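Scroll down for the structure; my scribbles are underneath it.
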Ligand SMILES: [Zn+2]
């Protein structure tokens, strides 16, 4: 007996732009997926494709400009024209993720584009806002049913991407075109899921934006998750273990009291790298030159900001008196403990 049941095609489950494009266009908007160059331009407006001014009626091969890292193309009858440029086609294929495994052609170029965009977004909040405005445009004029399809489709996609990651072997992970470390992947997805579950339009779009960026930037997404929280608010150097009580005093529970600023995680103001983990870092230096980008970061109390989740002083500069008072109290506390231990040892 023949079964006539047709299975609904499984939802794509890879974190790549090709999958996201297919869901966004086919499932949500119910239109055909445009040419790849158009997809890249729509998802990352102004970041990958640059328009060459033209009369709009002339075909010209697109080129990749190694100097500034953009694909330059003319519009032909309204849409970008790639033409016969194999190189551009290959670069686009790497970025969209349609390229076959193991094919190295233009992988390096695609990787340079990733690096450039990650740096751009990590160092420049205005560029990040440009990107987010571009994403917002993708949802302009959405009907209620389109929104509904978006919510359903991408909730499934987020689950599918996470489930796939848990199911595949580490060998398969390594074989991906741009392999992603587990730590970076789960860090990203934590933000994606977090924003998705906040359940506002803005947070859903944040979630979608992280998916796009993760698919494009792969391991380089870590530069952005270092610098921005899941809602794209800049993380600054924040007191990790200093918290306020109701009277708005800080307290410190650690015992790194030989540090100048115990409990403080420092991030490079230019590239967002974690400075504490750089070789030789010591917060007794007043200036620390980032070993990643060479930027000279000032390591002073005025560069420390209160956590964004603080009710009283969110995102504001840490108050020095209160900060040092907390350290003094902790020092006294530890001294007192030591005295007690000493005297009890003596009794034995
Ligand atoms: Zn740096």
Requested in this report: For every helix of n ≥ 4 consecutive DSSP H residues, a contribution of -39,500 (n - 2.57) applies; sum these over the chain, divide by its total residues, and give [θ] at 222 nm rounded to the nearest 500 deg cm²/dmol.
Outcome: -14000 deg cm²/dmol
Report summary line: In degrees rounded to 10, the 0-90 angle between helix 125-137 Cα long axis and the longest Cα principal axis of the chain is 40
Report task. May I ask for the distance between the Cα centers of region 77-148 and region 261-312, given as a whole number of Å? Result -> 31
Query - residue 190 paired with residue 253, simple spin-label distance in nm, labels 7 Å along Cα-to-beta-carbon - result: 1.7
Report summary line: Footprinting proxy, 192, 31: sorted fewest to most Cβ within 10 Å, the residues are 31, 192
Query - Efficiency of FRET between residue 86 and residue 300 - r from beta-carbon atoms, R0 51 angstrom, step 0.05 - result: 0.45
Report summary line: For the chain, the longest principal axis of the Cα atoms and the Cα long axis of helix 320-347 enclose an angle in degrees, to the nearest 10, of 60
Report summary line: To the nearest 0.05, the calculated FRET efficiency linking residue 148 and residue 277 through their beta-carbon distance, R0 being 51 Å, is 0.70
Query raised in the report: Say we join alpha carbon atoms closer than 10 Å with springs in a Gaussian network model of the chain; which of 330, 223, 107 then has the biggest fluctuation?
Result: 330
Query - Distance between modelled label sites at residue 202 and residue 293, nm, 7 Å Cα→Cβ extension - result: 2.6
Query raised in the report: Using 1/(1 + (r/R0)^6) with R0 = 56 angstrom and r between the beta carbons of residue 164 and residue 332, what's the FRET efficiency to the nearest 0.05?
Result: 0.60
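What percent do you get for the relative contact order of the chain when only Cα pairs under 8 Å and 6+ apart count?
This gives 13 percent for the chain.
Only the coordinates and a few stated rules stand behind these numbers; no lab work does. Just so it is clear, the structure is predicted and the values come from calculations on it, not from any experiment. As a convention, Cβ positions derive from the backbone with ideal geometry for all residues, glycine included, and neighbour counts pool all protein chains shown.
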